[in-house]
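Some notes on the structure that comes next.
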Amino acid sequence: MQKTLSAELKKISRDKVRFEITRENYEAFCDAVGLYKKEFLESLRKSEADHKAGRITKRSSLLEIIEKA
């Protein structure tokens, strides 16, 4: 069953949005955006191993990654 999450919008500017969730909603938020998925956790492990081995690429923005995908 999916849980409804509430968040308080704190600030809006031209290119930024800030919201706050309660501690009680944090775990549900992480689950909703996929931070507990096995594939995501595995990609974090691989990324950390690459970083420790020195296999890193400097990026100026996340758009570079999205555009290459």
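The values are calculated or read from the model by the stated rules, or taken from the named source; none is laboratory data. Since the model is a prediction, treat every value here as computed from it, not as a measurement. Neighbour counts run over all protein chains shown; Cβ positions are idealised from the backbone, glycine included. Surface accessibility is based on the protein's heavy atoms, side chains included, excluding ligands, DNA and RNA. Shrake-Rupley method; radii C 1.70, N 1.55, O 1.52, S 1.80 Å.
Each row is one residue, and each column tells you yes or no for (1) outside any loop (DSSP other than H, G, I, E, B); (2) open to solvent by less than 100 Å² (accessible area, probe 1.4 Å); (3) at pLDDT below 85.
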position: E24; (1), (2), (3): yes, no, yes
position: G34; (1), (2), (3): no, yes, no
position: F40; (1), (2), (3): yes, yes, no
position: K46; (1), (2), (3): yes, no, no
position: G54; (1), (2), (3): no, yes, no
position: I66; (1), (2), (3): yes, no, yes
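Would a scan of segment 6-14 turn up a residue that is at pLDDT 80 or above, surrounded by 10 or more Cβ atoms within 10 Å (Cβ to Cβ) and among the small types (G, A, S)? No, there is no match, as no residue in segment 6-14 is at pLDDT 80 or above, surrounded by 10 or more Cβ atoms within 10 Å (Cβ to Cβ) and among the small types (G, A, S).
Cβ-Cβ contacts under 9 Å between residues 6 or more apart (or on different chains), taken from a first residue in segment 41-66 that is closer than 22 Å to D31 by Cβ to a second residue that is surrounded by 10 or more Cβ atoms within 10 Å (Cβ to Cβ) and not small (G, A, S), are listed as L41/L35. Scanning segment 30-69 for residues that are over 15 Å from the mean Cα position of the chain (by Cα) and among the polar types (S, T, N, Q) yields T57, S60.
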